[in-house]
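**Q** Handing you a structure now.
Each reported figure results from applying straightforward, stated rules to the coordinates on display, with no laboratory input. None of the values given here were measured: they were computed from a predicted structure. Here the Cβ positions follow ideal geometry from the backbone for every residue, glycine too, while neighbour counts run over all protein chains shown.
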Amino acid sequence: MQDGTAIVVSPLIALMKNQVDAIRGVSDSDGVAHVLNSSLSKTDVQRVMNDITSGECKLLYVAPESLTKEEYVEFLKEQKISFLAVDEAHCISEWGHDFRPEYRNLRKIIDRIGANIPIIGLTATATPKVQEDILKNLQITDATTFKASFNRPNLFYEVRPKTAQVDADITRFIKQNEGKSGIVYCLSRKRVEELAQVLQVNGIKAVPYHAGLDAKTRANHQDMFLMEDVDVVSRQLHLGWESINLMYVL
């Protein structure tokens, strides 16, 4: 294992929590991986810094906004950073479907922390134009590119006409797949809440998930789904969790 701490830039708190929980699940120490974002208290932040300084923390997941904080930049400048990974790297590109302006400032921050830090960008949704924009923005001139097929032979795609009884259709589909985990995406927070209630009334173990919920509730609903205490999550955001038991998405 490399010396120092690797920084992983990630766009969503839910995604960071999911990955850190998975790493801790196969490690002897919770200190091996941490998140650094706005959800942490001052005590939590100090614990993270202590584990980085001691060398125990090998993976630090941060939101791009967190890297703009002067106290964090000054702290990381004094630490040994093994490499920096930009997850969901398509967020860098104005041509990408999830463009995040704060991602475009990463190169300036990297230079402040340590100009010679190795960088890796990871994405599953980069067109050639987006790939070019990522490399240009991160100022990577000698990149080695690894590409895999976009084809996912394990996935089955089906398009159904939307009827006037969409709630009944969704409920029927979920009951036909009883015992299987699934996610239902909605266009608004209100719709997320409404659908979760409809499913609950129909005897389906479902919870809502969206940015309007408080951090504790979001974390609890995420854990309930990943631990299979509920079967269905209705949600608005499309980036986030990794579940090996996810069987359908609506």
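**Q** I need the GluC sites (Glu not before Pro) found in the stretch 1-102, filtered to DSSP loop residues with at most 16 other beta carbons within 10 Å of theirs. Could you put the intermediate results ahead of the total?
**A** Numbers: sites: E56, E65, E70, E71, E74, E78, E88, E94, E102; in loops: E56, E65, E78, E88, E94.
When the GluC sites (Glu not before Pro) of the stretch 1-102 are filtered for loop state and at most 16 Cβ neighbours within 10 Å, E56, E65, E78, E94 remain.
**Q** Starting from the Kirkwood radius over alpha-carbon pairs of the stretch 159-250, derive D by Stokes-Einstein at 4 °C in a medium of 1.567 mPa s and give it in µm² s⁻¹.
**A** Details: Rh = 13.3 Å.
D = 98 µm²/s.
**Q** Give me the angle, in degrees from 0 to 90, between the Cα long axis of helix 42-54 and the longest principal axis of the Cα atoms of the chain, rounded to the nearest 10.
**A** For helix 42-54, the angle is close to 50 degrees.
**Q** Checking the a/c ratio against 1.5 first, then a/b against b/c, what shape does the Cα gyration tensor give for the stretch 14-67?
**A** In terms of gyration-tensor shape, oblate.
**Q** Below 8 Å between Cα atoms, with a sequence gap of 6+, how large is the relative contact order for the stretch 111-237 in percent?
**A** Numbers: 96 pairs, mean separation 29.6, N = 127.
Across the stretch 111-237, relative contact order equals 23 percent.
**Q** OK, next. Subtract the Cα-Cα distance of A124 and I140 from 0.36 nm times their separation in residues, and report this length gain in nm to one decimal. Show your work: numbers first, answer last.
**A** Values: separation 16, 0.36 × 16 = 5.76 nm, distance 1.89 nm.
Taking A124 through I140 to full extension adds about 3.9 nm, to one decimal.
**Q** Compare the Cα positions of I113, N245, G203 along the charge dipole of the chain (+1 at Cβ of Lys, Arg; -1 at Cβ of Asp, Glu; about the Cα centre) and return the one farthest towards the positive end.
**A** With unit charges placed on the Cβ atoms, the residue in question is G203.
**Q** Among the aspartates and glutamates, which fall within straight-line cross-link reach of K80, defined as a Cα-Cα distance under 19 Å, with same-chain neighbours fewer than 8 residues apart omitted?
**A** Straight-line reach from K80, under 19 Å: D3, D51, E56, E70, E71, D111.
**Q** Given contacts defined as C-alpha pairs under 8 Å and at least six residues apart, what's the relative contact order of the chain, whole-number percent? Each step should come with its number before you reach the end.
**A** Values: 346 pairs, mean separation 46.8, N = 250.
That works out to 19 percent.
**Q** Right, something else. Let me have the relative contact order for the stretch 5-138, percent, based on Cα pairs under 8 Å that are six or more residues apart. Provide the component values of the computation, followed by the final result.
**A** Details: 198 pairs, mean separation 37.4, N = 134.
So the answer I get is 28 percent.
**Q** Between K42 and Y248, what length in nm is gained on full extension when 0.36 nm per residue of separation is reduced by their alpha carbon distance? Can you show the working numbers first?
**A** Numbers: separation 206, 0.36 × 206 = 74.16 nm, distance 3.91 nm.
Between K42 and Y248, full extension yields 70.3 nm more.
**Q** PRE reach from K162 (point 7 Å along Cα→Cβ): which of the stretch 184-206 fall under 20 Å by backbone N?
**A** Within reach of a label on K162: 184-199.
**Q** With unit charges on the beta carbon (Lys/Arg positive, Asp/Glu negative), name the residue among V26, M49, V86 whose Cα is farthest towards the positive pole of the charge dipole of the stretch 5-138.
**A** Going by the charge dipole, the pick is V86.
**Q** Work out, in µm²/s and without decimals, the Stokes-Einstein translational diffusion coefficient of the chain at 37 °C, 0.692 mPa s, Rh from Kirkwood over C-alpha pairs.
**A** On the way: Rh = 20.0 Å.
It comes out at roughly 164 µm²/s.
**Q** Show me 125-135, 8-18, 155-165 ranked by packing, highest mean number of other Cβ atoms within 10 Å first. Numbers along the way, then the final one.
**A** Values: 125-135: 16.6, 8-18: 22.3, 155-165: 6.8.
Output ranking for 125-135, 8-18, 155-165: 8-18, 125-135, 155-165.
**Q** In addition: How would the stretch 5-138 be classified by its alpha-carbon gyration tensor: rounded, prolate or oblate, with rounded meaning a/c under 1.5 and the a/b versus b/c comparison settling the rest?
**A** Details: a/c = 1.88, a/b = 1.52, b/c = 1.24.
It comes out prolate by the Cα gyration axes.
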